[in-house]
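Read the structure below first, then the notes.
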Amino acid sequence: MRLVEPILAYQAELETIRRDIHAHPELCYEEQRTADVVAARLTDWGIPVVRGLGVTGVVGIIKNGTSDRAIGLRADMDALPMQELNTFEHASRHAGKMHACGHDGHTTMLLGAAHYLSQNRNFDGTVYLIFQPAEEGGAGARRMIDDGLFERFPMEAVYGMHNWPGIKAGSFGVVAGPMMASSNEFRVVVKGKGAHAAQPHRGIDPVMVAVQIAQGWQTIISREKNPLDTAVLSITQIHAGSATNVIPDEAVMIGTVRTFATSVLDLIERRMNEIAQGLAAGFNATIDFSFKRNYPPLINHPEQTAFAIEAMRAVVGSDNVDTNVEPTMGAEDFAFMLQEKPGCYVFIGNGDGDHRHRGHGLGPCQLHNGSYDFNDHLLPIGASYWARLVEMSLPLRSA
């Protein structure tokens, strides 16, 4: 590896910052303490700070030279509403809140790059350090954009990074085009007519209608969309009834749909509604159908992806960069930023959990798991990637 030496020199400081953030997790749009920590560090390093975009977002600004070119680097700050199972010293001090997705590490890696760039301005242009709130379901990226992120801080490209358990620690993965799926929710209420279970002919059974709709929906995936287009339709909740001898008045089905292409999502949403309406009518029931589009698919731009690959290779070598990593059906609101600006989102390997200290939970070191912990060995690697990306994107002009 060819890590940035000054960043290696303050690795211990970065570990302290990361573990402090981990111990004090804050949920979406509540990241006040985290934002204070970020803003204080940036200010100490002489970096101008703007606060308040996306409620608790922070933007740091580092300028050098005379070029009007600019890029953005983004890290997320929020935690998850879940109980931590780890008991090591830096475990969460707030019940029901945990950094189980590594946003503490993402924030710290960007701070490490900020520290280096503030002291070693080997670039010509402007770097915007975007510390974003509310990635976990709060669409904080969209909120920062709506608050004028790209108007107030004009940039030609924006980049993001996420740790990924299961990928070898210190290696990277990326793919041009779709890399993460869209995230969408549906809810359908089947309205029938309640009756005694011994007299089903006197009612309209919404449970049986719901069963027919559930089966019908799966044919959208298996028979209507192109088999080469990836999509998942999962019914995750079915609620109906309160007694064994009563046919209820209604049944509720809730779940998610994930796709890599908006055209596929359009098809699935339209056909879900049509099938539900048609089947309900066939059984003399009615339905209320709602479909909510949360996060769009995350689609990396080819030019910026190629550039990010070169920066990753400059840090960890070609053998440690997978340029055709398998896309995931998980979602990420950085997708909103990539809809507005060209850019690239990469995975940095978090390893298999061997880095965890004594006192970790018995579960696997996987994202959104109570036994997860970010791998501190990644801090100088991720920060070095950010630094090299800036220096390669905004090269100093020859005298």
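Annotations
- Taking the DSSP bridge list for the chain and keeping only pairs wholly inside it, about 65 percent are antiparallel.
- Net lengthening on full extension, residue 68/residue 197 (0.36 nm per residue, minus Cα-Cα): 39.1 nm
- What you get for the chain, charging only the Cβ of Lys and Arg (+1) and of Asp and Glu (-1), is a dipole of about 420 debye around the Cα centre.
- Sorting 107-117, 333-343, 223-233 by average packing, meaning the other beta carbons within 10 Å per residue, from highest down gives 107-117, 333-343, 223-233.
- Here residue 318 sits with roughly 70 square angstrom of accessible surface, probe radius 1.4 Å.
- Accessible surface of the stretch 216-301, 1.4 Å probe: 51 percent of it comes from carbon and sulfur atoms.
- Cα-based Lys proximity count in the chain, under 30 Å, for pairs eight or more positions apart or on separate chains: 10
- Each Lys and Arg contributes +1 and each Asp and Glu -1, all at the Cβ; summed about the Cα centre of the stretch 95-186, the dipole is approximately 260 debye.
- Proximal charge balance of residue 18 [Cβ under 9 Å; K/R count +1, D/E count -1]: -3
The values are calculated or read from the model by the stated rules, or taken from the named source; none is laboratory data. It should be emphasised that the depicted structure is a prediction, and the values quoted were computed from it without experimental measurement. All Cβ positions, even for glycine, are placed from backbone atoms using ideal geometry, and neighbour counts span all protein chains on display. These area figures cover heavy atoms from the full protein model, side chains too; ligands, DNA and RNA do not enter into them. Shrake-Rupley method; radii C 1.70, N 1.55, O 1.52, S 1.80 Å.
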